[in-house]
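The values are calculated or read from the model by the stated rules, or taken from the named source; none is laboratory data. Being a predicted model, the structure only gives us computed values, none of them experimental. Counting neighbours? That spans all protein chains shown, and the Cβs are built from the backbone with ideal geometry, glycine included. Areas reflect the complete protein model, heavy atoms only, side chains present, ligands, DNA and RNA absent. Shrake-Rupley method; radii C 1.70, N 1.55, O 1.52, S 1.80 Å.
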Amino acid sequence: MKIIHTITELRAHLAAFQRPTFVPTMGNLHEGHLALMRQAKPLGDVSVASIFVNRLQFLPHEDFDTYPRTWASDCDKLQAAGCDVVFAPNEQELYPEPQTFRVQPSTELADILEGFFRPGFFGGVSTVVLKLLNCVQPGVAVFGKKDYQQLMVIQRMVQQFALPVEIVGGEITRSTEGLALSSRNGYLSDSERAEAVQLSRALNAMASAIHAGASDFAALEQQAMATLTARGWQPDYMVVRRRRDLQSPEPGDVLVVLGAAKISNTRLIDNLEV
Ligand code: PAF
């Protein structure tokens with residue numbers, strides 16, 4: 001596995017290949033990231049992962065400074081997963097001057113749900129992803145469905161700017177109890193971790209009710225919020241949306257349920273396609 005820190009060296013190395021595959025990450029890798037790597041690898045002739053904690057997507061009060069940087073174990077895991085190239089630029093390399101040109105995603109998609117509670121988040125994500133795509137120039141890039149809205153924002157950006165890359169979604173990897181794997185699960189104490197599975201349980205309950213014919217989505221949403229609140233969570237949203245644009249559904253729409261909630265100081269998100 002080759003480790004590369006500069007854009008120049010990355011481009012020189014990848015020039016020998018036809019179709020790089022790409023999985024962008026912020027490091028602190030877990031089995032969910034590695035599943036995306038394994039999914040990506042057979043889709044091209046060289047597999048690339050990036051590790052870069054992107055300042056632009058953190059709000060001032062969020063965990064940019066304390067976000068876990070676990071470089072050595074990340075490299076071990078990537079190597080074991082068959083990754084060919086790790087691109088790990090430092091901030092000076094990716095943002096040598098203030099990044100004053102930014103991607104501005106459409107407000108209908110990027111200012112709802114995660115974007116409502118984390119204003120500017122998707123602008124920061126889109127900007128770094130556009131830049132990373134320009135560095136790697138992959139034929140295909142894989143993004144996890146755990147960040148469902150992020151995947152959709154990236155798909156729309158690629159479509160709107162006619163970027164020559166195929167975007168593929170990777171299924172959520174869960175613990176045996178059902179907890180969606182996330183780097184932020186590392187912030188949880190043992191008891192919080194045991195409780196954390198309730199987020200996916202609440203989403204499952206919403207999905208089961210819909211499968212059983214429930215059509216009062218507002219009632220389902222309120223019930224899920226109340227269930228989590230009663231257990232000591234601070235839910236931001238528990239919603240039923242249509243998959244195609246994450247707006248409120250109309251009869252016949254294909255659905256997804258999405259949730260975000262804080263347990264103590266850790267904010268978790270999850271979703272389930274219905
Ligand atoms: O999902 C993530 O880890 C990040 O948002 C990404 C896509 C690597 C951009 O920094």
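So, L43, is that one surrounded by 18 or more Cβ atoms within 10 Å (Cβ to Cβ) and at negative phi or not?
When the stated conditions are applied, L43 passes them.
Which members of segment 51-63 meet the condition of being closer than 22 Å to P105 by Cα and open to solvent by less than 30 Å² (accessible area, probe 1.4 Å)?
F52, V53, N54, Q57, F58
Would you pick out the residues in segment 194-237 that are in contact (Cβ under 8 Å) with a residue 60 or more places away in the chain and more than 23 Å from the chain's Cα centre (by Cα)?
If the condition is that a residue be in contact (Cβ under 8 Å) with a residue 60 or more places away in the chain and more than 23 Å from the chain's Cα centre (by Cα), then I210, H211 are the ones that fit.
Within the set of pairs 6+ apart or on separate chains, which have a first residue in segment 152-177 that is at pLDDT 95 or above, a second that is surrounded by fewer than 18 Cβ atoms within 10 Å (Cβ to Cβ) and hydroxyl-bearing (S, T, Y), and C-beta atoms under 8 Å apart?
What qualifies is R156/S106.
Could you list all residues from segment 172-184 that are in a loop (DSSP other than H, G, I, E, B) and touching a strand residue (DSSP E or B) at 6+ places or on another chain (Cβ under 8 Å)?
Selection gives I172, T173, L181, S182.
Among the residues of segment 116-137, which ones are within 13 Å of the ligand (Cβ to nearest atom), more than 24 Å from E9 (Cβ to Cβ) and in a helix (DSSP H, G or I)?
Within segment 116-137, F121, F122, G123, G124, V125, S126 qualify.
Take the residues of segment 138-160 that are more than 10 Å from the ligand (Cβ to nearest atom) and not in a helix (DSSP H, G or I): which is nearest to V257 (Cα to Cα)?
Residue satisfying both the conditions and the ranking: V142.
Does N271 satisfy the condition of being of a type in the set (S, T, N, Q), open to solvent by less than 60 Å² (accessible area, probe 1.4 Å) and touching a residue at least 60 places away in the same chain (Cβ under 8 Å)? It would help to see each step written out before you state the result.
Numbers: of a type in the set (S, T, N, Q): yes; open to solvent by less than 60 Å² (accessible area, probe 1.4 Å): yes; touching a residue at least 60 places away in the same chain (Cβ under 8 Å): yes.
The answer is yes for N271.
Based on what the data block shows, is E114 open to solvent by 20 Å² or more (accessible area, probe 1.4 Å) and charged (D, E, K, R)?
No; evaluated as a whole, the condition is false for this residue.
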